[in-house]
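What follows is a set of notes on a single structure, which appears directly below.
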Amino acid sequence: MESLIGLLVAAPLLGAAVLLCGGRRLDRAGHWLGTALAAVSFALGAVLFFDMLGRSGGERTLHQHLFSWIPVEGFQADVAFRLDQLSMTFVLLITGVGTLIHLYSVGYMEHDARRRRFFGYLNLFLAAMLLLVLADNYLLLYVGWEGVGLASFLLIGFWQHKPSAAAAAKKAFLVNRVGDAGLAIAIFLMFTTFGTFAFGEVLAAADGAGEGTLTAIGLMLLLAACGKSAQVPLQSWLGDAMEGPTPVSALIHAATMVTAGVYLITRSGAIYDAAPNAQTVVVIVGAVTLLFGAIVGCAKDDIKKALAASTMSQIGYMVLAAGLGPIGYAFAIMHLVTHGFFKAGLFLGAGSVMHGMNDEVNMRKYGGLRRHMPITFVTFGLGYLAIIGFPGLSGFFSKDLIIEAAFSAGGVRGWVLGGATLLGAALTAYYMTRVMLLTFFGEERWRHRPTATPAEPDVEPAAGRGAAAPGRASGQTAGQAAGAAAEPHPHESPRVMTLPMIVLAFGSVFAGGLFNWGEAFVHWLEPVTRFEHPHPPLPIPVITGATVAVMLLGVGLAWLQYGRRPVPVTAPRGSLLTRAARRDLFQDDFNHAAFVSGGQHLTRSLVYLDHTVVDGAVNGTAAAFGGLSGRLRKVQNGFARSYAVSMFGGAAVLVAATLLMRAV
Amino acid sequence: MNPANYLYLAALLFTIGAFGVLIRRNAIVVFMCIELMLNAANLTLVAFSRMHGNLDGQIMAFFVMVVAAAEVVVGLAIIVMLYRSRHSASVDDASLMKL
Amino acid sequence: MSGFPLLTATAVLPALGAVATAAVPAARRAAAKWLALAVSLGTLVLAGLVVARFDPGGARYQLTESYAWIADFGVRFELGVDGIGTALIALTALLVPFVIAAGWHDADPVPGERPAGRWRPTQGFFALILMVEAMVVVSFAATDVFVFYLFFEAMLIPMYFLIGGFGDRAHAAGEAEGAKQRSYAAVKFLLYNLAGGLIMLAAVIGLYVVTADQLGTGTFSLQRITEARAAGELTMAAGTERLLFLGFFLAFAVKAPLWPLHTWLPNAMGESTAPVAVLITAVVDKVGTFAMLRFCLGLFPEASAWATPVVVVLALVSIIYGALLAVGQRDIKRLVAYASISHFGFIVLGIFAMTSQGQSGATLYMVFHGISTAVLMLVAGFLISRRGSRLIADYGGVQKVAPVLAGTFLVGGLATLSLPGLAPFVSEFLVLVGTFSRYPAAGVVATAGIVLAALYVLLLYQRTMTGPVDKPEIERMPDLRRRELAVVAPLIALLIALGVFPKPLTDIVNPAVEHTLSDVRQTDPQPELPAVEAAE
Amino acid sequence: MSGALTTTDAAAGLLAAATSTGEAVQFYALGAVAVAGALGTVALRRAVHSALCLAATMVVLAVFYLANGAYFLGVVQIVVYTGAVMMLFLFVLMLVGVSTADSLKETLKGQRWLAAACALGLGILLVGGIGQAALGTFTGMGAANAQYGGNVPGIAERLFTEYVVAFEVTGALLTIAAVGATLLTHRERIEKATSQREQAEERVRAGRHLPPLPAPGVYARHNAVDRPGLLPDGTPSELTVSDTLQRRGQVREVASKELAEVAATEKRTADYHGRGQEERP
């Protein structure tokens, strides 16, 4: 069985290698190969899962030691895998959702000339992500960590001819690199403290170390988590990352990669439990991001950006939960999984909508699409109900549990956190309802009003599809261009795209309930992430009631604002808060002011300095010597007599010398 | 009388000759000054040979004279050529020792 | 161990090859190229034999040879390699064939050009490259300080001509201006290194004097001196040792190059052709860092310990400073040069962290940085040869017209920013861990360097490769040709292979590093919880 | 005969050995002359004068040689140096041009002061050195000269036994020097010498001064070659004076009053013949 673990990673890696090096001859079948390999690793994951179920809680953890990676004196870095319940959960999520999204992409990227490379990158991502969750030590985890960063870089910038895409990719990688530096430093600290960075030894010895060290490690790990999971203050890249193709947003920036931070914190639970200060910081970060994302999400008109903000906020929930310690880890992971389902579903839905709308992303130009793309509408709607925590659906269970855990953090802290999570729930309901209404209900704002373009004849759908195809093939957001020229003709996406959406919809409906069946999920994870029952200050039903209440409140508000009265196509100026939220609460302005401009000035001045001072000193010395020799050269005037003088003087000096020698 | 006197005289003549070599521009005069220096040297040789009472000194002086004669012959020939080529016997005109 | 002088052969073969190549008649240009390539491959085979013969568990110096040379000064032609030397000889022999293949057309006479004008003698170009290889091999293998010094300095001559004589075809500032810049760069390179070398010469003589009046007979033999020091026969006054150390260190710091002695590198790498630039940064400069490890630490342990704080600070400055300047460059080659300065900072940092991780890391770093820079620089060279400009601003959207070129360029860049899975990551991580375990603050600062590395690499990639294709020259740009791909692909494969499985190299290097550490009488700092070590 | 010779030699030897007051007087008197000569050699503007001064110094030195018992050298000094060498100098001076007197104005900046400083320094050093040196008194040439019966036989004996090689070499040197000098100064005549006829034809072809040049000194008080003849309008013509004189700048000026007289005479003859002004050009 152990040997299968390696194959789990190897399969997509092989796919990536073949697809990327294979060349054009693979263009025809490449995408199917990629999908097949993803499916293979999912099958392997399933086999391992059932095998794991077959064994009792004690010996469920599997280890596979492949080879010693960097053997240096007093330093052991092995390529070794560790498959326990936690990583098993992730393996299933990654491979499962991954396979579905591969399938989806077959349709979505159909018209893209570079589809083969796209699938190569997707496989590369799967491999890296699996490496991340299967690693047995922090160094190998770091490899996967940067690996997914690379894949994300490649996929965000997949349409490289778009400067915005290229810039977004660079931004994502850089911000992540900051987090990676944190992870690296954490690893150094572990090495100097424990002399190793294998999970087993480190976590076992964690409580033995000084709290200061552990706090440092915890904060550094948190920095890494912030980078990868787009938590404040390293959140700014996620919004731009939506430049990538929608399947990428669904897989990497919703379901899997961005949750790696939660995995890291949960995995390092032992360290955080021994460092309460670090935990506090984690909780604060989670709470802040939760609200930050929610607020931003309320103002975005770009459907993908709105969903991205919601992702940020949902991960805030998870981080918060993970920061609560043993009472929260399991819930964090649970919410992570359910969120993986419904957020992926939502993104695929959004992709499907864009697919039908000439890649238009502005929700204000949607409206009333439920009649034109019913399947998308239903699946999207189910995902929507799940995320706002409609009773009975996945989101309800996972989120509700986190809220309870937040309340039971104890004392004022508990009340604050609980309040934050409740507020978050309300906001979630609000902005998701807004998305829903703007997209699928209301009047069809994408139709050209007679005033806008008088007496324009209808073009038949075929032409519309034809117009849509090159737009996406070349990847430009042809929405504006095409929208102005030819009126979009929304149509349902092909089967290959709707199928994954349906599957994910099922997940988002039933997963939560399934997990919560007799706390199955919690018990499943308990051996890895210890579990304590939360004891909220209020009775559970009250909290649940409150959750549902605030959810309904949010929905109601959104309906009042967007459901009842018509929505203007061009966004109104809006309140100060709205405008701030549209600008992502000035995150980029802050970064620019704080780092970018300063850095640019620094480099410019340094370049100047290097040229004038450092190099100037060198050239100055050279010039000085040149001048001196030029002066000396004048002595050699070419006149025999002046040479004779020097000879004569030399003779005199010699005589003097001899006399002196005789004297002494 | 002290033999040193001859040596003092020789030193004086030698110095004067050297000075002349340095300040005169006419190649022929320069040559004369060189001859003067040689003669001063000869005087010392002779004085020493008398002082030590053997003939080697004089023989040295003799050789000096011979060599000086040869040198004068060649040197003057060169001067003549120089004069032919550049119509002047000034050593400063031949300032070609500079790159 | 057979009596066959393998190391000498490894050095002599390229030397002879150089002479033979130079002797090829002017008309038979192709023959000269093939001859040079064949010789370099032969050298590679010999180097492979060296690696094969080297027994990591064996004596410190192996394959030793010793011939009487200048008896009066106790100079013997002594060769011998430890693990570090072996690794670096392998690197040299490995890279030179690629350099030759990459520079296949760099020295061809320009078709439209009058033959009387700046004609590039192809034979000379390849002969000089081989000559450099021979000298580098000797300096990696020399265990006699004098022999090392001799070749360390002699290397400058062929390098001078390679830099000054063969530049880019199309220079941004015009042909004449280009020639001027080239000669400036070459002279700067020569004077810089010569100055360092002369200081070192003084130190070498000083060392001889010290040994002479303490051991009776003066010697330059590294082994003899280290043994004598270990045995306590040879004791230097602190002042003397520090002066000698500085004399050696300055020369190596110039060669390395360490801030603030770095300014010759950007000129040299910017003006010379890409293969020569690779030769400079990937092969020749390594002699400097290698010599720090072998001579500075081996001969003057106390002084090294004394100088460590300053050197560490300088290394940190190099790392950050080099990276920041790389960010600010407008010229692709100069950018790579400043990136190299930053990387050399890492190497020096690793050496002077005085931990086994640090020094193993530094040694691996020398090898891996050689390969990764080779990839990046050679691809950059191919790019420049297509567009005829070194300015980043003249590019953009290359990825769309030449995807393979862009891909290889990206891989080179990722190796430069030491992405895990590629070889440089291993070495950089080792250096950082080694540094952090002794100087945590320094470790943190150096870690900031990896973020900056990402910045300059990605900026370069974004500006050159991505975006719309808005320049006609770029629309017509061909993708990598077969020869060029054949040059780059093996190196990339090597980067990946060593990144995943560096064990063969570490096995060779580790014992040597342990020896060096014992020379400087240093031991690794132990973790706070040794109990865990025991439990492990 | 031989006895006389020996006695004279003995006496000479005695003279050489002893340092009488007479010699002292002679030394100081002639020494002054020698120094004066040397100074003259250096200081005088005309090369000829320098040569003469040098000759004087050399003669004095010859006397000193004799006084020091180096009879052979003394004679050789006079014959070779003051005779041959100085004549050679003067001869070359003639070739180069006696008149050329180089100005003693220094052209090289600071040359003179440097030279003076060096000379002074050296002189002081030499004098100091001699002063320091522990010099005995004269042994005298008596024994040495008497050994082979006289100074000349003594030198000859040494020259042809001990120093024979050196002697031969110097002989060779002299020969080579002679050959070299001739080679250097010899100038090969490239074109054949032009005969008188050719010169005449040349003159005709050139078309100037077909007749002989006009004679000088016409209208003069006294015939003189250094006085130019006057053209009809009374301007002096340089054709009439020989080239050499013109080069040396020894042409005598024709005074203006004489020119005036010529003009007056012409006027008078014109009036006498009654030719009016109008015919005058």
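Structure notes:
- Separation of the A:LEU577 and D:LYS109 label points, Cα + 7 Å toward Cβ, nm: 8.7
- Paramagnetic reach from A:SER68 (point 7 Å along Cα→Cβ, amide N under 20 Å) across region C:323-358: C:355-358
- Note on A:186-198: average number of Cβ atoms from other chains within 10 Å of each residue's Cβ is 6.
- Shielding by partners, peptide C:456-466 (average Cβ within 10 angstrom, other chains): 4
- Taking label positions 7 Å along the Cα-Cβ direction at both C:ASP72 and A:ALA113, the computed distance is 7.4 nm, reported to one decimal.
- Estimated FRET transfer efficiency when R0 is 35 angstrom, pair C:ALA38-A:ARG24 (beta carbons, to 0.05): 0.55
- Inter-centroid distance (Cα atoms) of region B:1-80 relative to region C:372-403, Å: 79
- For chain A, alpha-carbon Rg relative to the globular expectation (2.2 N^0.38 Å, N residues): 1.20
- Helix A:640-663 axis, angle to chain A major axis (alpha carbon atoms, nearest 10°): 80
- Of the DSSP H helices in chain B, those that are both long (alpha-carbon extent of 30 Å or more along the helix axis) and hydrophobic (Kyte-Doolittle mean at least 0.0) are B:27-52, B:56-86.
- Shape class of region B:4-86 from the Cα gyration tensor (axes a ≥ b ≥ c, square roots of the eigenvalues): oblate, since a/c reaches 1.5 or more and a/b does not exceed b/c.
- Cross-link reach list, lysines versus A:LYS304, counting only Cα pairs under 16 Å and skipping chain neighbours closer than eight places: A:LYS343, A:LYS365
- One decimal place: the segment A:PHE590-A:LEU609 gains 4.1 nm when fully extended, by the rule 0.36 nm per residue minus the C-alpha distance.
- As computed over the protein assembly as shown, the Cα convex hull volume per residue (Å³): 331
- Spatial separation of Cα centroids for region A:599-618 and region D:69-89, in angstrom: 79
- Rounded to the nearest 10 degrees, the inclination of helix C:403-416 to the longest alpha-carbon principal axis of chain C is 20 degrees.
- Spacing of the two label points (7 Å from each Cα toward its C-beta) at C:GLU175 and D:ALA224, in nm: 7.5
- Hits among lysines - C-alpha to C-alpha of C:LYS255 under 21 Å, sequence gap 8 or more where chains match: C:LYS188, C:LYS286, C:LYS333
- Among C:407-419, C:94-106, A:591-603, the order from most to least packed when residues are scored by Cβ within 10 Å on average: C:407-419, C:94-106, A:591-603
- Cα long-axis angle, helix C:440-465 against chain C (0 to 90 degrees, to the nearest 10): 20
- The spacing between region C:229-248 and region A:566-597, judged by their C-alpha centroids, is 66 Å.
- Maximal additional length on extending the A:LEU628-A:ARG55 stretch stands at 197.5 nm, based on 0.36 nm per residue less the C-alpha distance.
- Counting only other chain Cβ atoms within 10 Å of each residue's Cβ, the peptide A:58-70 averages 2.
No lab work stands behind these numbers, since they all come straight from the coordinates. Just so it is clear, the model here is predicted, and its values are computed rather than measured. Every residue, glycine as well, gets a Cβ built from its backbone with ideal geometry; the counts of neighbours run over all protein chains shown.
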